[in-house]
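The values are calculated or read from the model by the stated rules, or taken from the named source; none is laboratory data. The shown structure was predicted, so the numbers you read here are calculated from the model rather than taken from an experiment. All Cβ positions, even for glycine, are placed from backbone atoms using ideal geometry, and neighbour counts span all protein chains on display.
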Amino acid sequence: MALGALGRSDVDTVPWHRVINGAGRCSHRDGFWAGIQQEMLEAEGVAFDRRGHVDLARVRWRGPTRELVTRLRRDLPFG
């Protein structure tokens, strides 16, 4: 839903192509953009099986590192 709310100017700055669904597939509503998304991910080295799925255990983001969280807490002004 968040990606669907992106404005046209955001599409060039937000790495939308890196967001896939919980089944490990590109899930854009139209086949054209799903195909473009898969091509972009493959160009980054993400492998898809013959059914168009990725191995989520291998590519899923595990969250920020402790070092990143510490740096963000230090550098960002929280109110």
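Does Leu72 satisfy the criteria of being surrounded by 10 or more Cβ atoms within 10 Å (Cβ to Cβ), touching a Pro at 6+ places or on another chain (Cβ under 9 Å) and in a helix (DSSP H, G or I)? Spelling it out, Leu72 is indeed surrounded by 10 or more Cβ atoms within 10 Å (Cβ to Cβ), touching a Pro at 6+ places or on another chain (Cβ under 9 Å) and in a helix (DSSP H, G or I). Picking from residues in the stretch 13-57 that are of a type in the set (Asp, Glu) and at pLDDT 80 or above, the one that is farthest from the chain's Cα centre (by Cα) is Asp49.
For the stretch 46-62, a residue qualifies if it is touching a helix residue (DSSP H, G or I) at 6+ places or on another chain (Cβ under 9 Å) and either of a type in the set (Asp, Glu) or in a loop (DSSP other than H, G, I, E, B) (or both), and the qualifying residues are Val46, Ala47, Phe48, Gly52, Val54, Trp61.
Starting from residues that are among the β-branched types (Val, Ile, Thr) and in a loop (DSSP other than H, G, I, E, B), keep the ones in the stretch 9-45 and report whichever is nearest to Leu56 (Cα to Cα). Across the stretch 9-45, the extreme among qualifying residues is Ile20. Within the stretch 58-79, take every residue that is closer than 15 Å to Arg18 by Cβ and charged (D, E, K, R) and give me the one that is modelled with the highest pLDDT. It comes out as Arg58.
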